[in-house]
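Nothing in this text is a laboratory measurement; each read-out follows from the coordinates by a stated rule. Treat the numbers as computed from the prediction; the structure is a model and nothing was measured. Note: ideal-geometry Cβ built from the backbone for every residue, glycine included; neighbour counts use all protein chains shown.
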Amino acid sequence: MGAECERKGTHVSNKTISIPDMGGAENVEVVEVMVSAGDDIQLDDVLIVLESDKASMEIPSPHAGKLLSVDVKTGDTVSEGDVFAHIEAAGAEPATVEEAPAGQSVDTTTGASPEPVEAPVEAEPEAGPGLAAVSAVDVQVPELGGAEDVEVIELVVKAGDELLAGDTMLVLESDKASMEVPAPRAGRVTEVYLQLGDKVGEGANILGLLPADGELAPTQGTDAAKREVDADVAVQPPAVAKPDAEKPGGVTVPESAVQRSAATLHAGPAVRKLAREFGVDLTAIHGSGAHGRILKDDIQAYVAGRLAVPEPTSGPGIEPIPEVDFSRFGEIRVEPMSKVQKIIAANMHRSWLNVPRVSQFDEVDITALEKFRAGMKAGLADQGVKLTPLPFLLRACATALRKNPMLNASLHSDGEHLVYKEYVHIGLAVDTPAGLMVPVIRHVDRKSLLELATETAELAALAKARKLKPEQMQGACFTISSLGNIGGTGFTPIINPPELAILGVSRLAVKPIWNGKKFKPRKMLPLTLAYDHRAINGAIAGRFMQDIAAILADVRRLLL
Ligand code: CAO
């Protein structure tokens, strides 16, 4: 099983970790790998998540210790006994892998759908004259590997529903696994006996099912008796079928069965639990994991997005953009958005809906600044400092924010006050492979151009490496978004509330400028100030922009 030794007084041994008993299921897909080599693992920490068509299962660690390797990746398939990780197990004499099952309190029988049990039941005689009698059967919870008290976390069906064989009826969940229980045969649900939150074990009655084929149900082997029901009900045709909604094999599926249901979603127990805690309907979420699997990130982004949408006070609210099946028009590729992209999307949406904004444009003559910068650049490069126009812009904004404190303020949440800040912290939009990030430079007004150049480069590098700490992205009073290194003659940036304004910087261009006697070539920098018109009026914004222009035009002011 592996080498064993004593280290720092602790018993240490290398162990392999293998896939536990999965009820004989084979080639089950790894849908999440939660750990990586080098991680310190506690006993029962979830290592990987497996998922078949009908069940998902978290595989916990049978040992505490340091993970030496994880030998599977998302998309791999595994079977019982496959070694998928190695761990340097520490502490008391650990259990062997063979002794330490994966901690499943539910035998998920992954891959092989659990077969619910049927038992005939008795119905009150309702049939009128001339109506044939058929039997409903009780469908029962299948074998759960001996587990009792497994919670009903989703009930997908209700009385009157038409089911096809294999349609999911409910989802059960233990601490470690969730399992969908499919209908054993087609039919109409006459009654659902369970409720959300019920704890069940093998053999518990789930629902009464009137077989679609009208066959009499078997009566043997159960304590339930025969139920007679109105044959008119029994032979009633299924719900309106969608012409193009066909299951493989050409069986037409009732429309109700092709609608997205909670049980056709892929989500692990922890994710389902989180969704329940937030009161989130999983059917509303498009999973970004493999095969559309819903991840915790998806739920968090969904909740952030929902919080960003204000409750409509009157009227019909905002119509959602209709969903389009792009594949009708050509080949497509669907890829998950990164977590950063989803957070930015929610924040931008919130800003767009909340903030009545105005965008104001100007062009600033930075010919002298550029000459000064060119003179300094080489010497500073020798010291490892790259001097771009950005530190100048930061200093100019800081000075103008001090002079125009309303641009450095925020609206109070009571809607009746302005919060003026006695500090000047400026956010800087940084383009990263994961999406837009906004690190914050603190006390910009107290820092030299050199310090700002150094800090800008450091924060941008951290952002691009996704190593920014949360506190390095908090506390901004104002933001600069510079696309000057990329191009463009102007753009309208979106304010990042609770800030009241943002400066967009585009690419400088040499332009002929009339000096009263003749045209002279000048380096003109296009700027856009977008501001929240609830707090700032045009005159205040105009003066702020004039101050920035004056500071940038006269480089001596920046050195003060
Ligand atoms: N006009 C002309 N050239 C400019 C310029 C401007 N306004 N601003 C920068 N440049 C030049 C720089 O001087 C540098 O050239 P040199 O090496 O010859 O001096 C070059 O562009 C590259 O600059 P940089 O990108 O290395 O540094 P920066 O300080 O200009 O920008 C940063 C740093 C982090 C802001 C930038 O890398 C970035 O991520 N920009 C994108 C921000 C963004 O996405 N905003 C949009 C938000 S809304 O979706």
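The string of couplings for the stretch 466-478 from the Karplus curve (6.51, -1.76, 1.60, θ = phi - 60°) is 6, 10, 5, 7, x, 5, 7, 10, 10, x, 5, 9, 6 Hz, one whole number per residue in order, with x for Gly and Pro.
For chymotrypsin sites (Phe, Trp or Tyr not before Pro), no site in the stretch 513-560 is both called loop by DSSP and has at most 11 other Cβ atoms within 10 Å. Working from the Cα coordinates of the stretch 265-310, the gyration tensor eigenvalues give, after taking √(5λ), semi-axes of 17, 12, 8 Å in decreasing order.
For the pair LYS199 and LEU559 in one chain, pulling the backbone fully straight at 0.36 nm per residue adds 122.4 nm over the alpha carbon distance. Rounded to 0.05, the FRET efficiency of the GLN341 and THR388 pair, given R0 = 25 Å and the Cβ-Cβ distance, is 0.45.
Legend: calculated FRET efficiency, LYS511 to ASN537, from the Cβ-Cβ distance at R0 = 22 Å, rounded to 0.05, equals 0.15.
List GLU29, GLU335, GLU143, GLU51 from most exposed to least, where exposure is judged by having the fewest other Cβ atoms within 10 Å.
In order of increasing Cβ crowding within 10 Å: GLU335, GLU143, GLU29, GLU51.
Backbone geometry of the stretch 538-546 corresponds, through the Karplus equation with coefficients 6.51, -1.76 and 1.60 at θ = phi - 60°, to 3J(HN,Hα) couplings of x, 5, 5, 5, x, 5, 4, 5, 5 Hz, x marking Gly and Pro.
Applying the Karplus relation 6.51 cos²θ - 1.76 cosθ + 1.60 with θ = phi - 60° to the stretch 339-348 yields 3J(HN,Hα) values of 4, 4, 4, 5, 5, 4, 4, 5, 5, 5 Hz, where x marks Gly and Pro. This ranking places PHE478, PHE278 by how few other beta-carbon atoms lie within 10 Å of each, fewest first, which gives PHE278, PHE478.
Each Lys and Arg contributes +1 and each Asp and Glu -1, all at the Cβ; summed about the Cα centre of the stretch 342-559, the dipole is approximately 680 debye.
Give the calculated FRET efficiency between ASP175 and SER448 to the nearest 0.05, with a Förster radius of 60 Å applied to their Cβ-Cβ distance. Don't jump to the answer; show the numbers that get you there.
Values: r = 57 Å, r/R0 = 0.95.
The calculated FRET efficiency here is 0.60.
By the count of other C-beta atoms within 10 Å, a proxy for reagent exposure, VAL139, VAL324 are ordered fewest to most as VAL324, VAL139. Going 7 Å from the Cα of LYS371 in the Cα-to-Cβ direction, what parts of the stretch 533-560 have a backbone nitrogen less than 20 Å from that spot? Correct set: 549-560. For ARG373, what is the net charge nearby, where nearby means another residue's Cβ is under 12 Å from its Cβ and Lys, Arg count +1, Asp, Glu -1? Charge balance in the 12 Å sphere: +3. Full extension of the chain segment joining LEU353 with ASP40 gains 108.3 nm, where the gain is 0.36 nm per residue of separation less the Cα-Cα distance.
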